[in-house]
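Scroll down for the structure; my scribbles are underneath it.
The values are calculated or read from the model by the stated rules, or taken from the named source; none is laboratory data. All values reported here derive from a predicted model rather than from experimental measurement. Neighbour counts are summed over all protein chains in view; Cβ atoms, including those assigned to glycine, are modelled from backbone coordinates with ideal geometry.
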Amino acid sequence: MWSAIVLASVLGLAQDADGQSGANAVTGRGFTFTSAERKQIDKLAKDARADGDVFVVKSQSFLVSAPNSAKLAAEIGVFLDAFQTAFFARLDVKPQVDIVPTIVIHATPAEFQRKCVNGERSAFLWLAKDKGWPEFHVHMALETPKLDSLTDLDVRPLQRGVARALLRRVAGRNSPPAWLEEGVASWFEGLDIRADYAADRTARCRRSPYLHRVRTIADDPARAPSLAALFAIKVEHWNTDGFTEQTQQRNALAEAFVDLLLGTDVAKSERKAVFEALRRGVPLDKLQAKELLALEGKWRDHMRELAEYFRIG
């Protein structure tokens, strides 16, 4: 009985008596809600505002604009409220600013690409204002134009974009270094917020669109730059190839390091130091030059361990 439970959790399909389930390890789809969450969804959908061809809802922490149905917009809002709770619990840090991110779901990939030409499946935009805090916008496209249920949606791009926005809530006016922003976004892209993390570890790695690349890196360590070189890449220089081979390898390297921070207890003190420094506005330069660079050997060992998740089965 125990082995069956573990297997179901690893596959990202574990359900409780209330009918909830996490996202499938292969497709990122299949997320379902508890009865209590369904009640929240029904209320949000009832109070939704129609704006042309889209529906707008305000959940506890997000403003969501989505096509097709008020239910879809409400489901996304309730899902993201749960995702936000998981995000800050995993970082173990409080946000510095209370900004409500705006989530814009586009009906088609073409519509999304007209707004956000970055090669990714979601985008985070920081909209500066003359006074006060900037606005945080996250954009994503539906895979099929008529999709109207979160259960049928691959939630990974949504989680990636929203993770960026939530990291900025920690950072405030400070800019996270590229490796941290990309690593955190990639790590949370593959997280199943329903699953027991330890049991779901293999599935989380396989849900990541980038982490499989550590298998090649583990077989040929020379393909991985030093941590110092990874840390030195500026935000504006991270994605210079239209989000293809080079950028996706960088994402894998950064995600592997963030996995060392967030997914293990090997670097627990360094994890605390990184996110507290970010929240307080302390530059990470000194931390990167000392405590984090000292993790080089553990990072490379960790990539070899992660590679084994892609050799299983």
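Taken across the stretch 186-193, residues that are surrounded by fewer than 24 Cβ atoms within 10 Å (Cβ to Cβ) and more than 17 Å from the chain's Cα centre (by Cα) do not occur at all. Quick check on the stretch 72-91: of everything there that is touching a Leu at 6+ places or on another chain (Cβ under 9 Å) and among the charged types (D, E, K, R), which residue is farthest from LYS272 (Cα to Cα)? Ranking the candidates gives GLU75 first. Exactly one residue among VAL258, VAL235, VAL282, VAL274 is within 30 Å of ASN24 (Cα to Cα) and either at pLDDT below 90 or out of contact with any Leu (no Cβ under 6 Å at 6 or more places or on another chain) (or both), and that residue is VAL258.
Counting the residues of the stretch 265-288 that are in contact (Cβ under 8 Å) with a residue 24 or more places away in the chain and in a helix (DSSP H, G or I) gives 9.
Among the residues making up the stretch 168-222, those that are hydrophobic (A, V, I, L, M, F, W, C) and either in contact with a His (Cβ under 7 Å, 6 or more places away or on another chain) or part of a loop (DSSP other than H, G, I, E, B) (or both) are LEU191, ILE193, ALA195, ALA198, ALA199, LEU211.
Filtering the stretch 143-167 to residues that are part of a helix (DSSP H, G or I) and over 12 Å from THR27 (Cβ atoms) leaves LEU150, PRO157, LEU158, GLN159, ARG160, GLY161, VAL162, ALA163, ARG164, ALA165, LEU166, LEU167.
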